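Since every read-out is calculated from the coordinates, none of them should be taken as a lab result. Everything numeric here is computed off the predicted structure, so don't read it as measured data. Glycine also receives a Cβ, built like all others from the backbone with ideal geometry; neighbour counts cover every protein chain displayed.
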Amino acid sequence: MPVPVGLNTWSRLVGDLFPYLDQVVAPFDSLWFPDHVQYGDATVAEGWSLLAYALARYPDKICGHDVLCNSFRNPAHLAKMAATMQIISGGRVVVGIGAGWNEEEYRAYGWPFPSARVRIAQLAESIQILRKLWTETPVTFHGEHYQLDVAYCEPKPDPAPPIMVGGKGEKYLLRVVAQHADWWNYVYEDRETYAHKQRVLQDHCAAVGREYDEIRQVIHVGILIGENEREVERQLADPAVRPVDASTLVGTPQEITAGLLSIVEQGAARITIHVCDAPRPEGTQLFAASVLPHLAKITPGPQ
């Protein structure tokens, strides 16, 4: 099958998000939502609310988060939420989850903000709890960070949602990916860095006895696209356009296509994009018309 491409959304769009998606979502196979509650006084939409609304509004789309902050929800409760959503959506949920990073929102909302190593250890326990509650009855779990005592999650989701772990930390986070993830979500920077992270993940897989090719690689890329160089430059100077960074491909349809094909060639089995001029539809529509057909012609590797 061709490389699936999903739309990643921006939490700051809030009320503008779904009118934008209504105009552009049709050619994409999936929708991906952030999970933040605060960036200073900026407008920010809550991630699980967006997911629930999208699953109902777009009944042919896979939906997930890129990615949930593990610290924001009790993992047993999250397992129950995801199981319910998987059943009522007809199996269209992916549980994307990470260890969290934005200290500002933790402090503002009263969540403890332990070290990255502790947050990653909590993430690993949470994934174990998710899987147990989706497959075992009842579940008792005594970890360092979470405790369950004769917990039930009925009915079970069938199939269980894939678990996508987001992140790139080499010592601890990618080891969690190797041990526990069905999918790995990586925010693309450049070809060399991606290759290095892949080698680190391969080493962790070998250390834990996991087949590297079992893990589906989902690459998140920003897109700033214009029909020609003049339009690209105009968008770069437009303060209403989302700022670009190292994870953004910038260029004409031909240049964007070449960049994405290179990422797929390197191992991406699925791509998620955010388009920088959203909620304007023009960039997303240009991408769908001029780039998606090229990605539809290729088949990812064994992942």
The chain: longest segment with zero exposed GluC sites (Glu not before Pro), where exposed means DSSP loop plus at most 11 other C-beta atoms within 10 Å, is residues 1-143
Rg (one decimal) and Dmax (whole number) from the Cα set of the chain, in Å, equal 19.1, 63
Between Gly96 and residues 5 or more places away or on another chain, the pairs with built amide H atoms under 5 Å apart involve His65, Leu68, Met164
Helix 191-208 sits off the longest principal axis of the Cα atoms of the chain, rounded to the nearest 10 on a 0 to 90 degree scale, by 20
Looking only at aspartates and glutamates whose Cα falls under 18 Å of Lys171's and that sit 8 or more positions away or on another chain, we get Glu125, Asp203
Residue-ordered couplings for segment 5-17, obtained by feeding phi - 60° into the Karplus form 6.51 cos²θ - 1.76 cosθ + 1.60 and rounding to whole Hz (Gly and Pro as x), are 10, x, 9, 9, 10, 10, 4, 7, 6, 6, x, 7, 5
